[in-house]
Amino acid sequence: MFDVIIAGCGPTGAMLAAELRLHDVRVLVLEKETEPASFVRIVGLHIRSLELMAMRGLLERIRERGRRRPAGAYFAGIDKPAPAGLDSAYAYLLGIPQPVIVHLLEEHAIELGAQVRRGSAVTAFQQDDGGVTVELVDGEQLRTRYLVGCDGARSTVRKLLGVGFPGEPSRNDTLMGEVEVGVPPEEIAARMTEIRDTYKRWWLRPFGERIYSVVVPAAGVSDRAQPPTLEEFRQQLRAIAGTDFGVHSPRWLSRFGDATRLAERYRVGRVLLAGDAAHIHPPIGGQGLNLGVQDAFNLGWKLAAQVRGWAPETLLDTYQAERRPVAEDVLDNTRAQTELLSSEPGPQAVRRLLTELMDFDEVNHYLIEKITAIGVRYDFGAGPELLGRRLPDIDVKQGHLYGLLHRGRGLLLDRTERLTVGGWSDRVDHLADPTAALDVPCVLLRPDGHVAWIGDDQQDLDDHLFRWFGTPD
């Protein structure tokens, strides 16, 4: 019997498996595909995801396989640099091939002891008071205490669970790929400059020696299970730019839509949803992979606490309470960004106005915090502005704060040197450091780096330790 079975070994599933293994949870990851994806689509890790990787000691391994790019021009592709003073040591975008990030996260999970089985698709399951019986495509049955669907937008787990997925169907398809070109870069740059003021949903961007990333509107909405052809790209480039730039020798080609949907529930009994199984939206702003990885960080320690037997009664329910509103916000901001890509006069007028407003640092700062998720604040009740927010990687006497979070435990950062974690020491670490770069006396951090308590009173601290970390030993 497993403690947790995860359906889907994409970034969300692999990250969740690793988080669970930090707490010795017996994890099996089932991936229906027999081989990793062969196409090399580039994805971007935003500031908050980079911070989470740093918290688990993964950032250097990932960063050496990616390409750092300046933060900025995230919101609807409006070309504004990041404002000064972003409160993070990782204020940049890391572009990395999606197969590489999936491989690195899966490798990390396996190193921690997770089992991964490829060619194993979930076809049915039944849950009862003691666990979940999962049936695979070959008829094999497995028993687990919990099942998590990280199996993508067409999630089998979500459908079998009967959870609604309301929202808007796709209205526009977009073609994306990487191709070689047959004309000089100067010609491409000049044509781009002429057209981009009118058409926002297309570009050709250099990605290596004569290799270009291409994005172009499709002629209509099609079955996205069928990959597009190079001729479709050529036709659409000629329709917009008057030339196909001699594109040839594609590395990969794909299509995506702008469907926007959100699961009605993230949990039904012992079955939960995360990542694209719980929410889908247009890729504008590059938030999808990041949102799923951040779901995994929020869920991992809570589900582990449930398995290990020390979770407070309502802890697992806070996963939906915290993460579903974040997804709602992402869906709304991608809806807004999609409207701003329209070539119609009304949306273009709004785009010009927003472009002017983003010259104000406050506006630019707000939008970048929204896209990169460093502005997320969970509702932990009344308290200081820092309560419920993530704490940046501040300096502490042992180096940097995130270096203390590699084990996925809570942390009391104590500038008074008077407090203690007492009977919670098996799940919460304590650092007494009067020199820590904080402007409050003490903070209690959850394993996901969010501030769960601020103060200097031991009894008040104990109450919050109980709230988040259960009964002390």
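The values are calculated or read from the model by the stated rules, or taken from the named source; none is laboratory data. Quantities reported herein were computed from a predicted structural model and do not represent experimental measurements. Reconstructed Cβ throughout: ideal geometry from the backbone, glycine too, with neighbour counts over all protein chains shown. The accessibility values were calculated without ligands, DNA or RNA, using every heavy atom of the protein model including side chains. Shrake-Rupley method; radii C 1.70, N 1.55, O 1.52, S 1.80 Å.
Anisotropy class assigned to region 89-138 is prolate, per the alpha carbon gyration tensor with a/c at or over the 1.5 cut-off and a/b larger than b/c. Computed about the Cα centre, the dipole magnitude for region 146-276 is approximately 700 debye when only Lys and Arg (+1) and Asp and Glu (-1) carry charge, each at its Cβ.
In region 161-260, which GluC sites (Glu not before Pro) fall in coil by DSSP and have 12 or fewer other Cβ atoms within 10 Å? Taking region 161-260 and a limit of 12 other Cβ atoms within 10 Å, the loop GluC sites (Glu not before Pro) found are E209. Among the trypsin sites (Lys or Arg not before Pro) in region 264-337, those placed in a DSSP loop whose Cβ has at most 16 other Cβ atoms within 10 Å are R265. Per residue of the chain, the DSSP helices (runs of n ≥ 4 H) give a summed -39500 (n - 2.57) that works out to -10000 deg cm²/dmol at 222 nm. About its Cα centre, the dipole of region 305-397 is roughly 320 debye, where the only charges are +1 on Lys and Arg Cβ and -1 on Asp and Glu Cβ. Note on region 64-118: with neighbouring protein chains present and a 1.4 Å probe, carbon and sulfur make up 47 percent of its accessible heavy-atom surface. Which parts of region 174-188 would a label at S249 reach, counting a residue when its backbone N lies under 19 Å from a point 7 Å out along Cα-to-Cβ? Residues passing the 19 Å test: 177-188. In percent, rounded to a whole number, the relative contact order of region 199-303 is 16, using alpha-carbon pairs under 8 Å and six or more apart.
Shape call for region 380-473 from the C-alpha gyration tensor, a ≥ b ≥ c root eigenvalues: rounded (a/c under 1.5), prolate (a/b greater than b/c) or oblate? Rounded shape, in that the Cα axes give a/c under 1.5. The rule of thumb for compact globular proteins, 2.2 N^0.38 Å, goes into the C-alpha radius of gyration of region 355-423 1.49 times.
When you restrict to C-alpha pairs under 8 Å that are six or more residues apart and normalise by the size of the chain, the relative contact order lands at 18 percent. In whole angstrom, how far apart do the alpha carbon centroids of region 72-120 and region 181-244 sit? Cα centroid of region 72-120 versus Cα centroid of region 181-244: 25 Å apart.
Normalised by the number of residues in region 419-473, the average gap of Cα pairs under 8 Å and 6 or more apart makes the relative contact order 38 percent.
When +1 charges are put on Lys and Arg Cβ atoms and -1 charges on Asp and Glu Cβ atoms, the dipole computed for the chain relative to its Cα centre reaches about 960 debye. Applying a length cut-off of 27 Å (Cα extent along the axis) and a mean Kyte-Doolittle floor of -1.0 to the DSSP H helices of the chain leaves 288-308. In whole percents, the pair-distance distribution calculated for the chain from its alpha-carbon pairs, binned every 20 Å from zero, is 23, 55, 21, 1. Positive end of the dipole of region 232-336 (Cβ unit charges, origin at the Cα centre): among V307, A259, L291, the Cα lying farthest that way belongs to V307.
Answer rounded, prolate or oblate for region 402-448, using the Cα gyration tensor with square roots of eigenvalues a ≥ b ≥ c: rounded when a/c is under 1.5, else prolate when a/b is larger than b/c, else oblate.
Details: a/c = 2.17, a/b = 1.30, b/c = 1.66.
Here region 402-448 falls in the oblate category.
Modelled label positions at Q226 and Q458, each set 7 Å beyond Cα in the direction of Cβ, lie 7.2 nm from each other. Annotation for region 354-463: GluC sites (Glu not before Pro) lying in DSSP loop with at most 16 further Cβ atoms inside 10 Å of their Cβ are E385, E417. Here's the picture: charge each Lys and Arg Cβ at +1 and each Asp and Glu Cβ at -1 in the chain, and of Y90, I195, Q458 the one pushed furthest to the positive end of that dipole is I195.
What fraction of the DSSP beta bridges in the chain is antiparallel, stated in percent and rounded to the nearest 5? If we restrict to bridges inside the chain, about 70 percent are antiparallel.
Place the peptides 289-297, 425-433 in order of packing, highest mean first, counting for every residue the other Cβ atoms within 10 Å and averaging per peptide. If you can, show how the numbers build up before the last one.
Working: 289-297: 26.0, 425-433: 16.8.
Ranked by mean Cβ neighbours within 10 Å, highest first: 289-297, 425-433.
For region 446-473 versus region 283-331, the inter-centroid distance based on Cα atoms is 19 Å. With both labels modelled 7 Å from their Cα along Cα-to-Cβ, the A432 to T198 distance reads 7.1 nm. Pairs of Lys residues in the chain are counted when their Cα atoms are under 27 angstrom apart and they lie 8 or more places apart or on different chains; the count is 7. Comparing A7, H46, Y74 along the charge dipole axis of region 1-115, the residue lying farthest to the positive side is Y74, per the Cβ-charge model. Calculated on C-alpha atoms, the gyration radius of region 289-356 divided by its Kirkwood radius gives an Rg/Rh of 1.28.
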